[in-house]
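Only one structure is covered here, and it is reproduced in the block below.
The values are calculated or read from the model by the stated rules, or taken from the named source; none is laboratory data. Keep in mind it's a predicted model, so treat the numbers as computed, not measured. Please note that ligands, DNA and RNA were not included when accessible areas were found on the heavy atoms of the full protein model with its side chains. Shrake-Rupley method; radii C 1.70, N 1.55, O 1.52, S 1.80 Å.
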Amino acid sequence: MTDKIKKPTMKDREVRKFAHFDIRSADAGEGEQDELYVEGYAATFDEPTVLFEFDGVEYKEQLDDKAFAEADMSDVIFNYNHAGKVMARTRNQTLQLSVDDKGLHVRARLDGTEEGRKLYEEINGGYIDRMSFAFTVSESSYDRENHTRTIRKVKKLYDVSAVDIPAYDTTSLSARSFFEAEAEKEKKALARAKKRDEVKRNILKAIAKSN
């Protein structure tokens with residue numbers, strides 16, 4: 001099953017942070033001795049991650065390796081916990097984004113603002129070591145058998161952020177609603193199947209009695 005979202009709104013903006021994504025201080029390049037860089041992966045491909053659990057069933061999500069192929073990444077910002085002052089930005093080339101076989105790689109220069117320099121020290125000290133990204137989806141599919149949503153196409157990437165809050169807390173209401181709706185559909189389908197089986201058994205019993 002494939003879902004296409006044509007007109008994303010603010011409520012459609014989703015945020016993800018998965019357990020294996022990390023951020024770390026990076027060595028400056030030649031001639032960049034006074035510049036402060038951090039880098040890491042804000043997203044990795046084809047790694048199903050459990051976002052929710054309903055009635056003992058785990059609902060997962062993963063990114064297709066072509067998810068960013070058509071994404072609008074023309075003006076992406078880097079900040080902290082998806083809020084506060086902008087510390088780096090693609091538009092002024094202090095934020096560099098690249099997509100490789102592993103996922104979405106981020107390299108941000110943080111010495112341009114006081115907040116950025118403070119964040120660099122916290123990352124360098126190991127106090128903050130995770131990243132997250134905010135985006136909208138233009139196409140996704142859902143595998144009901146494996147309870148897994150695959151994001152096929154990211155429509156727009158808004159920001160990448162250093163974060164310190166758990167993955168479940170950063171998952172958007174939009175995604176939560178999606179999985180809750182799927183869980184409800186699966187419950188209704190199971191109830192209908194049970195009812196059909198019950199009707200079938202009753203018919204077979206009636207036939208057996210008549211014979």
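Once you've got the Cα coordinates, tell me which of K60/K85; K102/K155; K118/K156; K118/K153 are over 27 Å apart. Each step should come with its number before you reach the end.
Working: K60/K85 32 Å; K102/K155 20 Å; K118/K156 29 Å; K118/K153 35 Å.
In this structure, K60/K85; K118/K156; K118/K153 lie more than 27 Å apart at Cα.
Considering only protein heavy atoms, what per residue accessible area in square angstrom results for the stretch 69-123 with a 1.4 angstrom probe?
Numbers: 3040 Å² over 55 residues.
Solvent-accessible surface per residue comes out at 55 Å².
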| query | What figure in square angstrom, to the nearest 10, would you give for the accessible area of M87 with a 1.4 Å probe? | reply | 20 Å²
| request: May I ask you to rank S132, S74 by accessible area, largest first, using a 1.4 Å probe over the protein chains only? | output: S74, S132
